[in-house]
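Working notes, structure below.
The values are calculated or read from the model by the stated rules, or taken from the named source; none is laboratory data. This is a predicted model, so every value here is computed, not measured. Counting neighbours? That spans all protein chains shown, and the Cβs are built from the backbone with ideal geometry, glycine included. Heads up: the accessible areas ignore ligands, DNA and RNA and are worked out on the full protein's heavy atoms, side chains in. Shrake-Rupley method; radii C 1.70, N 1.55, O 1.52, S 1.80 Å.
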Amino acid sequence: MEKKRRDFINCELINLKGRDIGFKEVVGSCISVVNGVGCDYAVYKVHGKYGKGDIKHVQIGSVSIQTCNLELEKDLVFYNETSEDFIHMSFLIEGEKIISLRGNNDVLNESQECYMARVEEFKGYVRLTGERPYREVNISFPYSYLQQRGIMEVNDFKSYNDNHLVHPMSNEILTILAHIQETTLEGVSKRLFLEAKLLELLALQLNNYKNGQIQKSGVNQDKILKKLYAAKQFMLENLDQNYSIKEMSRKMALNEYIFKKEFKRVFGCSVNEFYSDKKMNKAKELLKVTQLPIYEIAGEVGYKNATHFSAAFKRAYGKTPKQFRVVV
């Protein structure tokens, strides 16, 4: 498994690689099983050490529908590796989810958002936010499921590393999800009903991605997670500046207190720690690979005074910039 990321500090980390059980079996215990005609149904109650709530799992042939209704004690991160070719549809009704894949930007998923992706290989982390409600409907089925129905064109399917993967849920999608969760049908009737709703969701998502026209739901929420990532990128692009927390929170249209609190929750360090750490990293690289004067390097990382820069560098690395350059 990859080295533990800094922003996974204070998270519960679970490794699913090579295990025969999945997320629901790790965080919960099966309390109910109903085997129907081609439609199996199970309920998992979340272990107290992880939080509270349940996970409902429906298996219809090769198709699985998993509904999470959780409130985790703290952020939960699980790592997995698979090489199956399948389609994954996620509908996040409430909560936050971050998908971190090797070599790709993080996929940020927040309340009232959804995505559909073809996954031929998965190697990475999925992080679910704790201390708040988490409600999600996940639908997975092998690509062969589509081929059996004569759907051979795959150009309209995105992957996790494509732009504009995540989009708002339309009112139409929300209505279908409600029908899936509220149905009281049983046996063959339930299987036919759920398969019909699955294909309806598939058709809507394909059309949404193809046309690029998403009708937003009536819920209008600030996307804090995306603003935090935007703030992080803003700092990385402005290491030669010294923006205050107040200035950055205004740029991101966030309350200053919320900005500081949520940044530390998501990334595992304070805003100032992150900004300073990245400045020193850049200075270290410039000292290694260039012959720029130290006062110029100081300016590249936002220090007008080379003496102040040298003191900050020594606090970070135990050597002055001049001593560091001699060593390397």
Answer yes or no as to whether L287 is outside any helix (DSSP H, G or I), aliphatic (A, V, I, L, M) and either open to solvent by less than 80 Å² (accessible area, probe 1.4 Å) or modelled with pLDDT of 95 or more (or both). no
Please specify each residue of region 239-256 satisfying the condition of being under 25 Å from the mean Cα position of the chain (by Cα) and either closer than 10 Å to Y275 by Cβ or modelled with pLDDT of 95 or more (or both). I245, M248
Within region 14-69, residues of a type in the set (D, E) and part of a loop (DSSP other than H, G, I, E, B) come out as D20
Does N10 fit the bill of being open to solvent by 80 Å² or more (accessible area, probe 1.4 Å) and on the phi > 0 side of the Ramachandran plot? yes
Residues that are in contact (Cβ under 8 Å) with a residue 12 or more places away in the chain, within 15 Å of L202 (Cβ to Cβ), open to solvent by 10 Å² or more (accessible area, probe 1.4 Å) and in a loop (DSSP other than H, G, I, E, B): does region 155-163 have at least one? yes
Failed criterion for V188 (all others in (1) hydrophobic (A, V, I, L, M, F, W, C); (2) at pLDDT 90 or above; (3) open to solvent by 40 Å² or more (accessible area, probe 1.4 Å) hold): (2)
Residue pairs qualifying under the 6 Å Cβ cut-off, at least six apart or on distinct chains, with the first in region 114-141 being more than 27 Å from F263 (Cα to Cα) and the second being among the acidic types (D, E), are E120/D85
For region 101-129, give me each residue that is over 24 Å from I224 (Cα atoms), open to solvent by 10 Å² or more (accessible area, probe 1.4 Å) and in a strand (DSSP E or B). R118, F122, K123
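Okay, residues lined up against (1) farther than 24 Å from K314 by Cα; (2) buried (at least 20 other Cβ atoms within 10 Å of the Cβ); (3) among the polar types (S, T, N, Q):
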site: N242; (1), (2), (3): no, no, yes
site: M248; (1), (2), (3): yes, yes, no
site: N255; (1), (2), (3): yes, no, yes
site: I258; (1), (2), (3): yes, no, no
site: V271; (1), (2), (3): no, yes, no
site: I297; (1), (2), (3): no, yes, no
site: E300; (1), (2), (3): no, no, no
Residues to consider are E237, E262; find the one that is without any contact (Cβ under 8 Å) to a residue 40 or more places away in the chain, surrounded by 13 or more Cβ atoms within 10 Å (Cβ to Cβ) and not aromatic (F, W, Y). E262
Condition met for L201 (under 24 Å from the mean Cα position of the chain (by Cα), closer than 23 Å to S111 by Cβ and surrounded by 13 or more Cβ atoms within 10 Å (Cβ to Cβ)): yes
Being outside any strand (DSSP E or B), of a type in the set (D, E, K, R) and either open to solvent by 20 Å² or more (accessible area, probe 1.4 Å) or touching a residue at least 60 places away in the same chain (Cβ under 8 Å) (or both), is that true of even one residue in region 93-100? no
Checking E81 against (1) farther than 30 Å from E172 by Cβ; (2) open to solvent by 20 Å² or more (accessible area, probe 1.4 Å); (3) touching a residue at least 60 places away in the same chain (Cβ under 8 Å); (4) touching a helix residue (DSSP H, G or I) at 6+ places or on another chain (Cβ under 7 Å), which test does it fail? (4)
Within region 166-212, can you find the residues that are closer than 18 Å to R118 by Cα, assigned to a helix (DSSP H, G or I) and of a type in the set (A, V, I, L, M)? L198, L199, L201, L202, A203, L204, L206
Tabulated pairs, region 48-73, first among the basic types (K, R), second part of a loop (DSSP other than H, G, I, E, B), C-beta under 8 angstrom, 6+ apart or interchain: K49/E73
